[in-house]
Amino acid sequence: MDLQNYLPCAVEFLGNLAQEVKNYDCLCLLSVDDCPEVGEELKNCAKYDAAFEKEISCLWSKTLGVRIVYSPVGKLSDYEDVRKYGVAAGKAIARARKAGSNRPVIVLPRNSDIKHAQLITLLGAFEELYLPIQYREEVAKLEKMSCLGVFNPAGKSFTLDLAKQIEVSRYVARDIGVGDPERMAPPRVAEYVQQFLKKMPSKLTCNIISDPVLLVKEYPLFSAVNRAAHSVERHRGQLIFLEYVPPQKARKTLMLVGKGVTYDTGGADIKAGGVMAGMSRDKCGAAAVAGFMALVAQRAPADVHVVAAMCMVRNSVGEECYVSDEVITSRAGVRVRVGNTDAEGRMAMADALCRMKELAVQSKYPDPHLYTIATLTGHACLAVGEGYTIVMDNGPARAAGHGLRLKETGDEIGEPFEISTLRPEDFRFHSGKVKGEDVMQANNLPSSRTPRGHQGPAAFMILATGLDKHGTKSDLPLKYSHLDIAASAGEYPEMPTGAPVLALAKLHLNL
């Protein structure tokens with residue numbers, strides 16, 4: 001199956017560096033010890049350049065007759081992790097490009113005691129080579145590097161195929177995440193998903209719901225957000241359901257719901273003061289879901305059942321937009337009072353999450369675990385800072401130790417998590433305030449000015465979907481985890497990261 005279009009360039013594995021490097025125009029190194037052939041040359045450079053082990057250098061190797069870019073990874077402190085390798089590799093590729101390289105070789109770490117250092121090094125190089133989808137389509141078809149060589153000093157122990165599979169999945173996630181509000185408007189996301197499904201080696205079933213009558217009837221909270229956008233054909237909301245059924249009896253079921261707000265104006269509670277720019281990235285949760293499903297299709301796990309929903313919608317403003325004070329009955333029969341139309345992400349996902357709950361209950365899927373993945377709150381960015389995903393477990397997921405396992409997995413693979421705990425006050429905050437309403441969707445302050453501003457939305461989704469009836473002491477406990485990726489998805493102008501595809505895959509797909 002040809003997936004070359006979902007890689008940044010051709011990728012070749014070198015068996016013998018000294019013999020094959022003549023076919024390339026740059027050697028990218030992260031450590032002097034990784035390439036003994038030029039070790040003495042690099043050590044001599046360090047003798048007269050005190051910054052050699054601190055800054056990127058570009059030099060010519062007389063021994064191998066090739067340009068060398070040296071991007072020192074240096075020593076890791078007690079508080080650093082494998083991400084340092086990805087960053088160093090990305091800087092090496094960027095410098096090689098500036099030097100005029102079109103066929104670089106990335107030399108993987110030889111003796112690192114950090115687990116997955118080789119994998120993260122290569123993924124860092126891939127990430128730097130990525131070009132946004134619109135740039136590729138409209139401008140830079142000839143600007144892609146022609147080839148990336150990969151050399152492993154330790155021999156063939158590195159699995160290049162796995163790295164390529166992961167990159168394909170993150171490529172899909174980046175494409176959807178980075179596309180502007182028109183290139184990746186909901187109908188065009190649906191087209192993109194259908195196109196990549198045709199090229200995936202394992203079959204995923206796809207069901208797209210866009211009929212407004214059906215949306216109003218079965219997904220009323222999503223439909224409310226979609227109301228203003230629906231009047232513009234090219235902006236009409238799409239619920240994209242994907243499913244992978246394993247060849248063997250499933251031992252567990254993953255049920256993923258991703259926030260796919262292709263542009264967030266804030267709606268009637270419009271984003272003012274210059275904070276609307278960058279809101280085309282509000283679809284990175286759904287983009288991550290698509291990337292994860294692309295990896296599932298490639299890996300074809302024998303006993304893991306995966307169901308996913310991408311909630312693609314534009315939060316537009318106009319005479320049709322939903323407004324604060326509306327009371328809307330959710331799919332679960334919960335009466336929701338709208339408090340702020342800029343809290344649209346939880347509205348867009350809640351009914352799809354309810355559908356997942358129904359499937360878990362009615363179909364009796366084995367060991368189901370429900371997830372929502374969303375760039376949901378600015379509060380998450382303030383709470384943990386750039387580069388970190390927050391995981392919030394409900395009672396059954398917490399009892400299973402999920403958050404800690406995901407955090408440990410993320411630390412190991414370079415997609416770190418912080419754990420937040422849902423408390424009684426998060427549920428009280430969203431309880432109905434007057435007769436006739438069950439749940440308050442949001443207050444009218446930004447999350448960044450609301451105490452516990454990133455925990456509340458998870459409590460809302462539990463209440464609005466009826467998941468509160470499936471706690472640890474219920475007849476049918478259901479594990480549910482909310483992942484707020486606002487701080488880890490990649491904020492404009494940086495490229496989308498694809499988080500948390502890698503950590504979820506490591507935890508659930510046995511990478």
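The values are calculated or read from the model by the stated rules, or taken from the named source; none is laboratory data. Because the structure is predicted, anything quoted here is derived from the model rather than measured. Positions of Cβ are backbone-derived with ideal geometry, glycine not excepted, and every protein chain shown enters the neighbour counts. Note: areas computed on protein heavy atoms with side chains; ligands, DNA, RNA excluded. Shrake-Rupley method; radii C 1.70, N 1.55, O 1.52, S 1.80 Å.
For segment 1-31, the candidate set comprises residues that are aromatic (Phe, Trp, Tyr) and under 21 Å from Val66 (Cα atoms); within that set, the residue that is surrounded by the fewest Cβ atoms within 10 Å (Cβ to Cβ) is Phe13.
Number of residues in segment 13-28 that are modelled with pLDDT of 95 or more and outside any helix (DSSP H, G or I): the value is 5.
Please tell me if Asp342 is open to solvent by 20 Å² or more (accessible area, probe 1.4 Å), modelled with pLDDT of 95 or more, touching a strand residue (DSSP E or B) at 6+ places or on another chain (Cβ under 8 Å) and farther than 17 Å from Leu221 by Cα. So Asp342 does not fit the description; no. Among residues of segment 343-362 that are among the acidic types (Asp, Glu), those with a Cβ under 6 angstrom from a residue that is part of a helix (DSSP H, G or I), sequence gap 6+ or separate chain, pair up as Glu344/Val225; Asp351/Leu221; Asp351/Phe222.
Yes or no: Lys283 charged (D, E, K, R) and part of a strand (DSSP E or B)? No; evaluated as a whole, the condition is false for this residue.
For segment 261-277, state whether one or more residues are open to solvent by less than 30 Å² (accessible area, probe 1.4 Å), outside any strand (DSSP E or B) and of a type in the set (A, V, I, L, M). No, the conditions are met nowhere in segment 261-277. Suppose we keep only residues that are polar (S, T, N, Q) and open to solvent by less than 10 Å² (accessible area, probe 1.4 Å) within segment 145-169. Which one would you say is nearest to Cys26 (Cα to Cα)? Looking at the filtered set, the residue picked out is Asn152. Restricting attention to segment 179-226, the residues being part of a helix (DSSP H, G or I) and not polar (S, T, N, Q) number 24. Evaluated against (1) open to solvent by less than 10 Å² (accessible area, probe 1.4 Å); (2) over 30 Å from Ser202 (Cβ atoms); (3) without any contact (Cβ under 8 Å) to a residue 60 or more places away in the chain, Ala117 falls short on exactly one condition, (2). For segment 196-204, the criterion of being charged (D, E, K, R) and either crowded, with 23+ Cβ neighbours inside 10 Å or in contact (Cβ under 8 Å) with a residue 24 or more places away in the chain (or both) is satisfied by at least one residue. I need the full set of residues from segment 360-404 which are within 25 Å of Val245 (Cβ to Cβ), open to solvent by 30 Å² or more (accessible area, probe 1.4 Å) and in a helix (DSSP H, G or I), in order please. Val361, Gln362, listed by residue number.
Which ones in segment 459-486 are under 28 Å from Gly179 (Cα atoms) and open to solvent by 10 Å² or more (accessible area, probe 1.4 Å)?
Ala486
The numbered conditions (1) outside any helix (DSSP H, G or I); (2) open to solvent by 10 Å² or more (accessible area, probe 1.4 Å); (3) hydrophobic (A, V, I, L, M, F, W, C); (4) more than 30 Å from Pro416 (Cα to Cα) are all true for Ile68 except (2).
Could you tell me whether any residue of segment 170-184 is under 21 Å from the mean Cα position of the chain (by Cα), surrounded by fewer than 21 Cβ atoms within 10 Å (Cβ to Cβ) and touching a residue at least 60 places away in the same chain (Cβ under 8 Å)? Scanning segment 170-184, I find at least one residue that is under 21 Å from the mean Cα position of the chain (by Cα), surrounded by fewer than 21 Cβ atoms within 10 Å (Cβ to Cβ) and touching a residue at least 60 places away in the same chain (Cβ under 8 Å), so the answer is yes.
Of all the criteria given as (1) modelled with pLDDT of 95 or more; (2) among the β-branched types (Val, Ile, Thr); (3) within 18 Å of Gln298 (Cα to Cα), the one not satisfied by Val178 is (3). Has segment 171-178 got at least one residue that is part of a loop (DSSP other than H, G, I, E, B) and over 30 Å from Ala464 (Cα atoms)? No, that holds for no residue. Taking Lys283 and the conditions (1) charged (D, E, K, R); (2) buried (at least 24 other Cβ atoms within 10 Å of the Cβ); (3) more than 15 Å from Ala343 (Cα to Cα), which numbered condition does it fall short on, given that it satisfies the others? Failing condition for Lys283: (3).
His430 falls short on exactly one of the conditions (1) closer than 22 Å to Ala308 by Cα; (2) open to solvent by less than 10 Å² (accessible area, probe 1.4 Å); (3) touching a Gly at 6+ places or on another chain (Cβ under 7 Å), and that condition is (1).
Of all residues in segment 226-244, those that are within 17 Å of Lys259 (Cβ to Cβ) have Cβ atoms under 8 Å from Cβ atoms of residues that are of a type in the set (Ser, Thr, Tyr) and open to solvent by less than 30 Å² (accessible area, probe 1.4 Å), 6 or more apart or on another chain, in Ala229/Ser316; His235/Thr262; His235/Ser316; Gly237/Ser223; Leu239/Tyr219. Reported count of residues in segment 85-110, each being within 14 Å of Glu127 (Cβ to Cβ) and under 25 Å from the mean Cα position of the chain (by Cα), is 11.
Within segment 307-333, the set of residues being open to solvent by less than 50 Å² (accessible area, probe 1.4 Å), in contact with a Gly (Cβ under 9 Å, 6 or more places away or on another chain) and part of a strand (DSSP E or B) comprises Ala308, Ala309, Met310, Cys311, Met312, Val313, Arg314, Asn315. Looking across Lys479, Lys469, Lys407, one residue alone is in contact with a strand residue (DSSP E or B) (Cβ under 6 Å, 6 or more places away or on another chain), without any contact (Cβ under 8 Å) to a residue 24 or more places away in the chain and not β-branched (Val, Ile, Thr). It is Lys407.
Selection of segment 32-65 for residues being open to solvent by 70 Å² or more (accessible area, probe 1.4 Å) and of a type in the set (A, V, I, L, M, F, W, C) yields Ala50, Trp60.
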